[in-house]
1. In whole Å, what are the extents of the stretch 38-174 along the principal axes defined by its C-alpha atoms, from largest to smallest?
2. If the limit is 20 Å between Cα atoms, which of 132/167; 40/88; 77/167; 88/121; 88/174; 55/121 go over it?
3. If the chain between residue 73 and residue 130 were fully stretched, how many nm would it gain, using 0.36 nm times the residue separation less the Cα-Cα distance?
4. Return the sequence-ordered ³J(HN,Hα) values of the stretch 73-88 in whole Hz as given by the Karplus equation 6.51 cos²θ - 1.76 cosθ + 1.60 applied to θ = phi - 60°, using x for Gly and Pro.
5. Given the stretch 42-108, what whole percent of its Cα pairs are spread farther than 21 Å?
6. Give me, ordered by chain and number, the residues 5 or more places off residue 87 or on other chains with an amide H under 5 Å from its own placed amide H.
7. Label residue 181 and residue 38 with points 7 Å out from Cα along Cα→Cβ: what is the distance between them in nm?
8. Using each residue's phi in the stretch 51-62, evaluate 6.51 cos²θ - 1.76 cosθ + 1.60 at θ = phi - 60° and report the 3J(HN,Hα) Karplus result to the nearest Hz, with x for Gly and Pro.
Amino acid sequence: MIGMMLSYGASGFLPTQQLPVVRSGRACSQVAMLSPAQEKKAERLEQVQGLMSDKALAFAVRSESIPVNALNELRQKIPEGVQMQCIKNTIMRRAVGAEGLERFNAIAGGDGRKDFDVTRKSNYWFFVPEDKMRESVDLWNDWANENKKEGGEIIGGLFGGDLLDSKGVVEVSKLPTKQELMGQTAIMLKKMPATIAQRLKAADATRIARVIKEAQGQKLGRAVSMMKEKLPEA
């Protein structure tokens, strides 16, 4: 009886403590908590990927020796829709490898060309939509020349899944935009009916002339045959 009471008291009156259950397997592995520094990096990575989501071109310039006042002046001239930010190389290498950003993943994993690796030193990155590529590249080059910035040339860029050097970025910026291509196509389509009509008209005239000539030849042939029938044989 006493043993039963003790047993009851141990189980009924004392607070119960749930022992941790240890399980094995991937399904029960605990997720590691991010430190504040890691959370900050994750937020920055997401922010950079958001900047790149609707852009066509990204190009980099060295950030050394740019005076603050000159930098503020440059920012005021940047076209609407263009983003200019100083981004750490590790963040940039991770950002370009994201799904949906294949047009920028030429440096994913840091395997860019060594002669103009755009993920070395400290860089400012320009993220540019398609219709502002030419304007943005010209803006930087003009600004660098006006401020006589040493080493102010564009280091390289990313476009269409390719890693570009400075010359490549300039060449890409000169490509016609979709709007320009649509305008050129509209002009071609507008001129096309008249051109086609002229060609059809010329083709019809040639065909008619050929038919008339053939008809005339047939009439002449029949006339010669008729004359042969009427003339006595020699």
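1. Ordered largest first, the stretch 38-174 gives principal extents of 38, 32, 30 Å.
2. Among 132/167; 40/88; 77/167; 88/121; 88/174; 55/121, the Cα-Cα distance tops 20 Å for 77/167; 88/174; 55/121.
3. 18.2 nm
4. Once rounded to whole Hz, the list reads 4, 5, 4, 5, 8, 5, x, 4, x, 9, 10, 10, 8, 8, 10, 5.
5. Numbers: 649 of 2211 pairs.
The share of Cα pairs beyond 21 Å in the stretch 42-108 comes to 29 percent.
6. It is 123, 125, by chain and number.
7. Here the modelled spin labels are 4.4 nm apart.
8. For the stretch 51-62, the Karplus-derived couplings read 4, 8, 4, 10, 9, 9, 10, 10, 9, 10, 9, 5 Hz, x marking Gly and Pro.
A short reminder: the numbers here are calculations on the coordinates, not readings from a lab. None of the values given here were measured: they were computed from a predicted structure. Quick reminder, even Gly has a Cβ in these numbers, built from the backbone with ideal geometry, and neighbours come from all protein chains shown.
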